[in-house]
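The values are calculated or read from the model by the stated rules, or taken from the named source; none is laboratory data. This is a predicted model, so every value here is computed, not measured. Because the Cβ atoms are built from the backbone with ideal geometry, glycine has one as well, and the counts that use them run over all protein chains shown. For the accessible areas, the whole protein counts, side chains as well, though only heavy atoms, and no ligand, DNA or RNA atoms are used. Shrake-Rupley method; radii C 1.70, N 1.55, O 1.52, S 1.80 Å.
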Amino acid sequence: MLEPDNIDDKRFSKDLDKKSADKWPVPVNYFESLPERISTRISAQKAQKHRPLGKLIWPGIAAAAVAVVLAVLLILPNDKSVGNRVTVAGQHQDTSAPDKAISAYLDKEFSADSSSYNNLADNVKPPAGRNKPAANVLAPEAQQTPISPVAVDFPEDVKITEDMLLEYFDSGLTSEDIL
Amino acid sequence: MRELSDKELLEKLRDPSGRAYGFNLLVRQFSPRLYPVVRRLLINHDDADDAMQNAWLSVHRNIDKFQENSSLFTWLYRITLNEALALLKKNKRRSFLSLESETARLARYLESPVYFDGDESALKFQKAILTLPPKQRSVFHMRYFDELPYARIAEITGTSEGALKASYHQAVSKIEKYIHAAD
């Protein structure tokens, strides 16, 4: 039975000498120069640790600047494209609309001042067969009722008259019905 | 130059002002004993040098974590052996697409006097060792060439003594078989 603790060279070969089987030529002064080479690598690693931060600052700034420019370029054309997008809740969202007529009209007639509603109401004639004054068409409580904003796209070439708007508010028709 | 004890070396390494000097002494004192560990596995001096440098860099990074649960030499041996095995694995991966296997490449190095100094029987013996898997090869080296006790090999490899004895026994049988087949 093989005893792992008692292996001698002759077990493998009658000519084998353990010392000669472990002879590895090493370059001259290898062990003397090794500490110095390791120190150099340690210094290089330390220097490399500091370098990435400095290296990353300028590319980082450049990348941020490019991102800002791209964002501006992407946002600006969008602003123009939604120029004629308004809400019928009485507030228009975008004053840079190309259709200045609609914009100006809505500014004038649907400002935050509730008197604009009264102005509109003054111009409304009482419906036939009803004895109600026109001012009651848009009663104060009705004015306070929150109206959820609905985005409506108005074609630029359509002229919106006061009558059309009054009819809209009175009848609950959709913008498609008016247009 | 007198060899310093573990305690003396660690005192120097833990003193911030003498750390660089202490590390230099550590490298000088242990490199000649650790070099054969990597050279036997990697055969080629350039690879062995790479593994040695990586091992010392790792020692430099982790010296503060050394808890003195083993001797300094055992700790260094473990790090060096791991670096050599890692490099061997890397070389094996690299030679995956090569026509020549890693074992054949190492055997070819052995035949060059630049890489190996032994006589014919020593060369045949080294070629037989090359047929072993890397970890078994390292166990054989530790036991046969370095004559380390199993307890110490167990400390280095983190394997039980029983498993190591079985591994060594198998390695010896394989080597014998290879040599007799070659004769």
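Here are the numbers:
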{"read-out": "Only listed residue being under 21 Å from A:S20 (Cα atoms) and within 18 Å of the chain's Cα centre (by Cα), chosen from B:Y144, B:Y178, B:Y150", "value": "B:Y144"}
{"read-out": "Of all residues in region B:70-127 being out of contact with any Phe, Trp or Tyr (no Cβ under 8 Å at 6 or more places or on another chain) and acidic (D, E), the one that is farthest from B:E8 (Cα to Cα)", "value": "B:E100"}
{"read-out": "Every pair of residues 6+ apart whose Cβ atoms lie under 7 Å, when the first sits in region A:10-22 and is under 12 Å from B:Q126 (Cβ atoms) while the second is in a loop (DSSP other than H, G, I, E, B) and open to solvent by less than 30 Å² (accessible area, probe 1.4 Å)", "value": "A:S20/B:G118; A:A21/B:G118"}
{"read-out": "Region A:15-40 - residue that is open to solvent by 80 Å² or more (accessible area, probe 1.4 Å), within 9 Å of chain B (Cβ to nearest Cβ) and assigned to a helix (DSSP H, G or I) and, of those, nearest to B:Y144 (Cα to Cα)", "value": "A:E32"}
{"read-out": "Qualifying residue in region B:64-79 (condition: under 17 Å from A:S33 (Cβ atoms), part of a helix (DSSP H, G or I) and charged (D, E, K, R))", "value": "no"}
{"read-out": "Single condition B:Y109 does not satisfy, out of (1) assigned to a helix (DSSP H, G or I); (2) at pLDDT below 85; (3) away from every other protein chain (no Cβ under 14 Å)", "value": "(3)"}
{"read-out": "Region B:46-65: number of residues that are more than 7 Å from every other protein chain (Cβ to nearest Cβ) and surrounded by fewer than 21 Cβ atoms within 10 Å (Cβ to Cβ)", "value": "11"}
{"read-out": "Residues of region B:1-25 classified as touching a residue at least 12 places away in the same chain (Cβ under 8 Å), open to solvent by less than 60 Å² (accessible area, probe 1.4 Å) and more than 9 Å from chain A (Cβ to nearest Cβ), total", "value": "6"}
{"read-out": "Enumeration of residues in region B:59-71 that are of a type outside the set (V, I, T) and farther than 19 Å from B:R143 by Cα", "value": "B:H60, B:R61, B:N62, B:D64, B:K65, B:F66, B:Q67, B:E68, B:N69"}
{"read-out": "Enumeration of residues in region B:91-105 that are at pLDDT below 85 and either open to solvent by less than 50 Å² (accessible area, probe 1.4 Å) or of a type in the set (D, E, K, R) (or both)", "value": "B:K92, B:R93, B:R94, B:S95, B:E100, B:E102, B:A104, B:R105"}
